[in-house]
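Below you'll find the structure, written out as structure tokens, and then a few comments.
The values are calculated or read from the model by the stated rules, or taken from the named source; none is laboratory data. Since the model is a prediction, treat every value here as computed from it, not as a measurement. Reconstructed Cβ throughout: ideal geometry from the backbone, glycine too, with neighbour counts over all protein chains shown. Surface areas here come from the heavy atoms of the whole protein model, side chains and all, with no ligands, DNA or RNA. Shrake-Rupley method; radii C 1.70, N 1.55, O 1.52, S 1.80 Å.
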Amino acid sequence: MIDAVQKGFFNLLSKSALLKRLASRYGMASPASFARRFIAGETVAEAIDVARTLQSKGFDLTLDHLGESVRTHQEADAASREYVHLIDVLMASGIERNISLKLTQLGAGVDRATCIDNLRRILEVAERHEFFVRIDMESSAYTDLTLDIFETLWARGHRNLGVVIQAALKRSEADVNRVIALGGRIRLVKGAYKEPPDIAYARKADVDDAFVRLMQRLLDSGEYPAIATHDPRMIDATLAHAEAQGLPPSRYEFQMLYGVRRDLQRALTADGYRVRVYVPFGREWFPYFMRRLGERPANVAFVIRAMLRDRGGV
Ligand code: FDA
């Protein structure tokens, strides 16, 4: 219950124009600024530097050019062009060919046809260069539309495409079965959005139970699932199930966010497991950053300390 209140509070703050202005001014100003713990930088070049370092340490990667909830066709069109450009730049850089994106960045909130067209444009370029494209899952207002768009493009033959399912939503078991039936690849997460109690589990214990059930279903499905969590209990449950089923580490991967539980990321890689780090970058980092604070309010103390340090305080 506290988790839900926490998420709601930070969700509210993420809509504050004043906070956004302040954060934008101070959050990325210097290499030590607070937002850099979670955001690789505001430019592609900075993201590539971070990605190169991670790759040299044995991590797999997915890059996310941050942005969401665009309101006009022009903004959606611009975002999809930026992704096409990103693919070109990543090709030239030699960084792993894997990107993540949000459909509201491509116009899902404007209209379905625009969004499908923008995603198709990205997928066609991505396919030519063997990129994998993961559609992030946003709030429950977009679950149906996201799965519908995923299925539409899958039906048109796009196979370099995966989707995300949130354990917090009560509907997710049916959604997992729906995607598995197609042969699609799923990233399983707990869910970062504040959702109404009639459609989502409010207690952390219930979300965790659902996560374990869905993880087992995904590992059994054989469609190379991504188990995206920093929770050692979820990771142990995954390793135990994989071992019980005789699944080698090549049949699934773990995913974690840039800047979160780096110790765990290193330990799993050192033990021979695949860990993909989700590397977000771009100027529109504020909502993403606020979701990271909502997951762990202790991060607020970290931000305050970093701000005081930047201003010559502690
Ligand atoms: P949990 O929240 O229980 O945290 C377990 C432990 O991890 C904590 O005790 C703490 O040590 C550490 N931790 C977790 N979050 C932290 C943070 N922000 N800062 C510092 N430490 C933290 N969600 C979504 O709705 N749609 C999506 O598309 C995605 N995509 C996505 C990709 C990847 C690669 C990951 C790892 C996660 C997502 N998420 C997401 C976010 C996800 O839904 C969830 O909110 C976070 O992963 C936090 O949940 P955990 O599973 O880590 O467990």
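Listed values, structure above:
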item: Intensity falloff of the chain expressed as log10 I(q)/I(0), Debye formula with alpha-carbon point scatterers, at q = 0.10 Å⁻¹; result: -0.55
item: Debye log10 I(q)/I(0) for region 150-302, one point scatterer per Cα, at q = 0.13, 0.18 Å⁻¹; result: -0.65, -1.23
item: Heavy atoms of Arg305: accessible area, 1.4 Å probe, square angstrom to 10; result: 130
item: For Thr62, distant residues with modelled amide H under 5 Å away; result: Val277, Tyr278, Val279
item: Region 188-199 - phi-based ³J(HN,Hα) in whole Hz, Karplus 6.51/-1.76/1.60, Gly and Pro as x; result: 8, 10, 6, x, 9, 9, 6, 10, x, x, 6, 10
item: DSSP bridge orientation in the chain - percent antiparallel, rounded to nearest 5; result: 5
item: For region 260-272, 3J(HN,Hα) per residue [Karplus equation, 6.51 cos²θ - 1.76 cosθ + 1.60, θ = phi - 60°, Hz, x = Gly/Pro]; result: 10, 6, 4, 4, 5, 4, 5, 5, 5, 4, 4, 7, x
item: Cα-derived Rg over Rh, computed across region 38-85 with Rh taken as Kirkwood radius; result: 1.07
item: Angstrom value of the Kirkwood radius, inverse mean 1/r, which spans all Cα pairs in region 95-229; result: 15.2
item: Listed pairs Lys7/Lys190; Lys57/Lys194; Lys20/Lys204; Lys15/Lys102; Lys102/Lys194; Lys57/Lys204 exceeding 24 Å between Cα atoms; result: Lys57/Lys194; Lys20/Lys204; Lys57/Lys204
item: Charged-residue dipole, Cβ positions (Lys, Arg, Asp, Glu), region 40-283 about Cα centre, Debye nearest 20; result: 240
item: With DNA, RNA and ligands ignored, accessible area of Glu75 (1.4 Å probe; Å², nearest 10); result: 90
item: Over the chain, relative contact order from alpha-carbon pairs under 8 Å, at least 6 apart, %; result: 25
